[in-house]
Amino acid sequence: MEHNINSLINYNIRAYDGMIGEVDEFYFDDESWKIRYLVIKTGSWLSERKVLISPDAIIKQPWQNGFFPVLLTKQQVQNSPDIDTEKPVSRLQETELYSHYQWENYWGSGFYAGGSMGVSMPFPSVEHEVLMEPDKDKTADNYVHLRSTERVSGYHIHATDGEIGHVDDFIVHEETWQITAIVVDTSNWFGGKKIVIPVAHIKKIDWSENLVFLNMVKASIDKHPLFEKDNYPLLPLYK
């Protein structure tokens, strides 16, 4: 099943011994387009601190009822490394986080902790089609490819022959946590329609200028399905 990211914001996170907080946003890998972390607002019990939770911690079940049960305790979360979500997350911080929870790291291994994500789903060769433009102030040694869904929302979208709108939402697969498509608000270009564009059509992202470039012309945009939030969750349909 596929869901739109905005519908998952404010989902409650339930540990073995009580509620941890609510989903505030998601961090995705800008090379693979997989969700790597849920950013959780913990609320007053943890002084409003925000914490990062890997999708591996979530007990596999249909995404419904407005909550994600996790294989954690509140004590584990309370004692987890304090990471400032207002700043870029370093690899050292990720290493400390994974060590604390005893998760198997995803970098270099090609899979999530413990293999708990289930069977890998077929997906277009995004790595070969998406050309990322990393921030110039980050070195190759410490650069981590994490991007916030909240911050990327609003990026302007350009077809090969001009602007068509901006990023409004993301479509994510329930089993793999793979972002399969972006939802483009076409604003004044196509009557304000929201259109679902597979990420395989993204040619390049200019992170410094907040721009997304597609490998298609404006005239082809209408060939893609309209986004209707009442239709989600749904089975994957995008090619």
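Applying the criterion of being in a loop (DSSP other than H, G, I, E, B) and under 13 Å from ARG36 (Cβ atoms) to the residues of segment 89-108, the residue that is modelled with the lowest pLDDT is TRP107. Look at segment 88-102: where a residue is farther than 19 Å from GLN78 by Cβ and a partner is among the acidic types (Asp, Glu) and open to solvent by 60 Å² or more (accessible area, probe 1.4 Å), sitting 6+ places away or on another chain with Cβ atoms under 9 Å, you get ARG91/ASP141.
Among the residues of segment 144-174, how many are in a loop (DSSP other than H, G, I, E, B), free of Cβ contacts under 8 Å to residues at least 60 places away in the same chain and open to solvent by 30 Å² or more (accessible area, probe 1.4 Å)?
Step one: filter segment 144-174 for residues in a loop (DSSP other than H, G, I, E, B), giving 144-145, 153-155, 160-161, 174.
Then drop every residue that is not free of Cβ contacts under 8 Å to residues at least 60 places away in the same chain, which leaves 144, 153-155, 160-161.
Now narrow it down to the ones that are open to solvent by 30 Å² or more (accessible area, probe 1.4 Å): 153-154, 160-161.
The total comes to 4.
Within the group LYS41, LYS60, which residue is over 30 Å from LYS204 (Cα atoms), open to solvent by 20 Å² or more (accessible area, probe 1.4 Å), among the basic types (Lys, Arg) and touching a strand residue (DSSP E or B) at 6+ places or on another chain (Cβ under 7 Å)? The conditions single out LYS41. Among the residues of segment 68-88 satisfying the criterion of being more than 24 Å from ASP30 (Cβ to Cβ) and either assigned to a helix (DSSP H, G or I) or out of contact with any Phe, Trp or Tyr (no Cβ under 9 Å at 6 or more places or on another chain) (or both), which is least open to solvent (accessible area, probe 1.4 Å)? The extreme case among them is VAL77. Out of all the residues in segment 191-239, which are at pLDDT below 90, open to solvent by 70 Å² or more (accessible area, probe 1.4 Å) and within 24 Å of SER32 (Cα to Cα)? Within segment 191-239, LEU235, LEU237, LYS239 meet the criteria.
Beta carbons closer than 7 Å, at least 6 apart along the sequence or on distinct chains, pair a first residue in segment 25-37 that is open to solvent by 20 Å² or more (accessible area, probe 1.4 Å) with a second that is of a type in the set (Ser, Thr, Tyr) and in a strand (DSSP E or B) for ARG36/TYR27.
The values are calculated or read from the model by the stated rules, or taken from the named source; none is laboratory data. For clarity, every value in this text was computed on a predicted model and none was experimentally measured. As a convention, Cβ positions derive from the backbone with ideal geometry for all residues, glycine included, and neighbour counts pool all protein chains shown. Heavy atoms of the whole protein, side chains included, go into the accessibility calculation; ligands, DNA and RNA do not. Shrake-Rupley method; radii C 1.70, N 1.55, O 1.52, S 1.80 Å.
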